[in-house]
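Quick notes on the structure that follows.
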Amino acid sequence: MTIAIIGHHARRRQAELLAAGLSAHLIMDEMGLGALRAHRRALQWCAGQPDRCIVMEDDALPIAGFLPMAGWWLDRFPEDLISFYLGTGRPPQWQRTIAHMLRNADEMQLSYIALPQLLHGVCYSVPADKVAALLAAMPTNRPADYAVGDAWRQVGRRPVIYPVRSLVDHHDGPSVEKHRDGQARTEVRRAWRLASTGASMEDCA
């Protein structure tokens, strides 16, 4: 398992600290060319790696024990796109569905939910043998998270797996992305639920 960190030049120090803490490969958006291009660069790097990769943005806040817990989920779902962050606020049209599915997961004692779209680019992992095909299928006119999710529907033909308790939180600071919809991101963008620091693998099951 390897990790690619996507950093924006305005958050260079934050990105460097995150990459150093995870022994990750850092990909910097030096010119402010946008999240979609940065995610493509990260996935292109991942396509050349022998192991499965995790793509993480510089405003991700991994829990203590992130690496072994992420490895456990990747072993559990080797053929699936996994998002290690499920967030509040954005996208607003999905929040009611997320709340409903989390309640159902509680009732059925499930540790994950499955959704048809990648809703966040904060932290996710694509199966290694699907990265090249996903890159080829990614649209060029969508936000980065939706572009990855749209391509996954074509390539993977499986839903996106979201642990009920996210392995990363989101540092909800000012956005550096120029969003196509022109809307300010004023909602609280944090994890719905966060895995307990030092939780055992049995707690994830």
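Quick notes
- Considering the conditions (1) over 15 Å from the mean Cα position of the chain (by Cα); (2) of a type in the set (A, V, I, L, M); (3) at pLDDT 90 or above, Ala199 is excluded by exactly one of them, (3).
- Ala64 free of Cβ contacts under 8 Å to residues at least 12 places away in the same chain, more than 28 Å from Arg153 (Cβ to Cβ) and out of contact with any helix residue (DSSP H, G or I) (no Cβ under 8 Å at 6 or more places or on another chain): no
- Taken together, the criteria exclude Gly65 from residues that are under 13 Å from the mean Cα position of the chain (by Cα) and either among the small types (Gly, Ala, Ser) or under 27 Å from His9 (Cβ atoms) (or both).
- Subset of the stretch 78-129 (residues that are in a helix (DSSP H, G or I) and in contact with a Leu (Cβ under 8 Å, 6 or more places away or on another chain)): Trp94, Thr97, Ile98, Met101, Asn104
- Annotation note: Cβ proximity below 7 Å between a residue of the stretch 32-44 that is of a type outside the set (A, V, I, L, M) and a residue that is in a helix (DSSP H, G or I) and surrounded by 17 or more Cβ atoms within 10 Å (Cβ to Cβ) (sequence gap 6+ or interchain) occurs for His39/Ala144; His39/Val148; Arg40/Leu135; Gln44/Leu135.
- Put simply, of Val122, Val148 the only residue that is in contact with a strand residue (DSSP E or B) (Cβ under 6 Å, 6 or more places away or on another chain), of a type in the set (A, V, I, L, M), closer than 24 Å to Gly7 by Cβ and modelled with pLDDT of 95 or more is Val122.
- Flag if Tyr146 is aromatic (Phe, Trp, Tyr) and in a helix (DSSP H, G or I): yes
- Filter pass, Asp59 being surrounded by 15 or more Cβ atoms within 10 Å (Cβ to Cβ), touching a helix residue (DSSP H, G or I) at 6+ places or on another chain (Cβ under 9 Å), modelled with pLDDT under 95 and among the acidic types (Asp, Glu): yes
- Candidates Tyr112, Tyr146: the one that is in contact with a helix residue (DSSP H, G or I) (Cβ under 9 Å, 6 or more places away or on another chain) and either free of Cβ contacts under 8 Å to residues at least 60 places away in the same chain or of a type outside the set (Asp, Glu) (or both) is Tyr112.
- Of the candidates Arg41, Arg11, the single residue that is of a type in the set (Lys, Arg) and farther than 20 Å from Pro127 by Cα is Arg11.
- Subset tally (residues that are touching a residue at least 12 places away in the same chain (Cβ under 8 Å) and surrounded by fewer than 20 Cβ atoms within 10 Å (Cβ to Cβ)) for the stretch 115-129: 4
- Flag for Lys178 being over 15 Å from the mean Cα position of the chain (by Cα), at pLDDT 95 or above and under 28 Å from Arg37 (Cβ atoms): no
- Options Ala42, Ala47: the member that is within 20 Å of Ala132 (Cα to Cα), at pLDDT 95 or above, in contact with a strand residue (DSSP E or B) (Cβ under 9 Å, 6 or more places away or on another chain) and surrounded by fewer than 20 Cβ atoms within 10 Å (Cβ to Cβ): Ala47
- Among the residues of the stretch 145-175, those that are of a type in the set (A, V, I, L, M) and more than 16 Å from Gly87 (Cα to Cα) comprise Ala147, Val148, Ala151, Val155.
- Of the residues Val168, Val164, Val131, Val160, the single one that is at pLDDT 95 or above and farther than 23 Å from Ala99 by Cβ is Val131.
The values are calculated or read from the model by the stated rules, or taken from the named source; none is laboratory data. Given the structure is predicted, the values throughout are model-derived calculations rather than measurements. Reconstructed Cβ throughout: ideal geometry from the backbone, glycine too, with neighbour counts over all protein chains shown.
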